[in-house]
1. For ILE187, work out the one condition from (1) modelled with pLDDT under 95; (2) not assigned by TED's automatic domain parsing to the domain that holds VAL317 it doesn't fulfil.
2. Do we find that ASP17 is of a type in the set (Asp, Glu), modelled with pLDDT under 90 and outside the structural domain of GLY200 (by TED's automatic domain parsing) in this structure?
3. Can you report the number of residues in region 14-26 which are surrounded by fewer than 16 Cβ atoms within 10 Å (Cβ to Cβ) and in a strand (DSSP E or B)?
4. Are any residues in region 181-196 more than 18 Å from GLY122 (Cα to Cα) and surrounded by fewer than 17 Cβ atoms within 10 Å (Cβ to Cβ), and if so, which ones?
5. Are there any pairs with C-beta distances below 7 angstrom linking a residue in region 255-269 that is surrounded by 20 or more Cβ atoms within 10 Å (Cβ to Cβ) to a residue that is part of a helix (DSSP H, G or I), with the two at least 6 apart or on different chains, and if so which?
6. Which of the residues spanning region 27-48 are surrounded by fewer than 19 Cβ atoms within 10 Å (Cβ to Cβ), over 20 Å from PHE108 (Cα atoms) and under 20 Å from the mean Cα position of the chain (by Cα)?
7. Determine, yes or no, whether ALA185 is out of contact with any Ser or Thr (no Cβ under 9 Å at 6 or more places or on another chain) and either among the β-branched types (Val, Ile, Thr) or outside any loop (DSSP other than H, G, I, E, B) (or both).
Amino acid sequence: MRSNASWTDAVIDSFEDLTPTVREFRIRPAGSEGVSRHEPGSHLQVQLLVNGKPQLRFYSLVGEPDGQTWRIGVKRLDDADGGRGGSRAMWQLAAGDRLQVSGPHNHFPLDFNAPAYLLVAGGIGITPLVGMAQALAGRCDRSGRPLRMLYSARSEAELAYVDALRHCLGERLHAAAATRINFAAEIAALPPGAQMYVCGPVPMLDAARHAWEASGRPPADLRYETFGNSGRLAPQAFRVRIPRHALDITVPADCSLLDALEQAGVEAVFDCKRGECGLCTLDVLALDGEIDHRDVFLSEHEKQGNTRLCACVSRVVGSVTLDSSYRPDFGSTTCVRSPGHARDDRATSAGGRQTGGQPTTE
């Protein structure tokens with residue numbers, strides 16, 4: 001269950017393949033003379049039909065707005081790569097097709113007052129950082145504040161937006177294929193008060209967080225966004241039991257646990273659907289197998305203990321028994337989960353919320 005969003009009819013204005021797996025869509029509000037300016041780090045919510053069922057997906061807005069359309073970059077993901085059908089549904093859209101969108105929203109805001117910046121992108125995580133780089137380049141040129149961007153992808157061919165980034169950043173851009181970033185060294189080179197903005201797969205974010213914590217820098221100066229489709233293990237179907245609902249279901253490989261629960265009639269509290277806010281966390285009562293924690297909300301200690309999981313992104317190999325927090329005396333099937341699980345030692349956005357593909361990349 002999520003707060004109601006305001007939806008707008010929109011149309012696919014055009015699209016362009018930027019790499020073999022990344023397609024940029026230009027989306028125009030239907031019947032509108034244009035779009036208002038959005039801040040760097042903003043995203044759109046998009047309603048899609050995935051396997052005949054309505055689904056929400058979240059896509060970062062790319063670059064500075066042109067006043068007429070929104071731009072999003074969508075990486076095509078197959079099931080073996082953790083895709084859940086969203087990217088395939090987007091890639092099937094043609095110019096002129098209609099869809100509904102909500103936004104722009106911003107959970108990954110850019111602070112223009114930092115003394116220095118390091119932007120780090122992995123793969124499709126480049127999408128929210130393009131606008132940040134463009135917004136910062138001129139300001140840092142005029143003020144003399146340091147600005148660098150590190151950008152890595154699986155291959156040279158997958159470095160989307162690299163030409164536009166070279167144009168605005170010049171030698172401040174360091175883009176390479178299959179490069180492991182030495183976060184400890186990069187952070188050590190930053191002046192006091194510098195901020196680091198990171199967007200990429202969970203392993204990259206984990207490495208960035210660990211290095212930042214080890215450096216002793218303020219947690220609030222690390223800002224990050226993730227996409228929850230990346231995990232250690234290939235997605236596969238798994239069994240879920242929820243005793244409070246007398247429920248025993250199988251979660252398909254191409255469906256999230258959160259979506260499967262809602263389809264089974266179990267309402268769940270959620271917000272980001274990217275494994276960042278922690279609202280959808282459920283208590284683990286029993287585990288027969290292994291949890292693939294794909295979130296950035298739980299601490300390493302919590303993940304190793306396997307006492308909770310984030311239903312929006314995490315998966316299981318085997319079977320798991322969960323507590324939905326449903327209480328029959330409330331006369332409701334709503335999952336009640338307090339946001340009070342959030343910890344003070346987490347990296348947060350300027351608004352106090354942990355920031356976390358790119359909202360969703362597929």
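1. It is condition (1) that ILE187 fails.
2. Spelling it out, it is not the case that ASP17 is of a type in the set (Asp, Glu), modelled with pLDDT under 90 and outside the structural domain of GLY200 (by TED's automatic domain parsing).
3. First, pick out the residues of region 14-26 that are surrounded by fewer than 16 Cβ atoms within 10 Å (Cβ to Cβ): 14, 16-17, 20.
From the residues that got through so far, the ones that are in a strand (DSSP E or B) too are 14, 16-17.
So the count comes out to 3.
4. ALA188, ALA189, PRO191, PRO192, GLY193
5. VAL266/HIS245; ALA268/LEU258; ALA268/LEU261; ALA268/GLU262
6. Matches in region 27-48: GLN47 only.
7. It is true that ALA185 is out of contact with any Ser or Thr (no Cβ under 9 Å at 6 or more places or on another chain) and either among the β-branched types (Val, Ile, Thr) or outside any loop (DSSP other than H, G, I, E, B) (or both).
The values are calculated or read from the model by the stated rules, or taken from the named source; none is laboratory data. Everything numeric in this text was worked out from a predicted model, so none of it was measured. For neighbour counting, all protein chains shown are included, and Cβ atoms are generated from backbone atoms with ideal geometry for every residue, glycine included.
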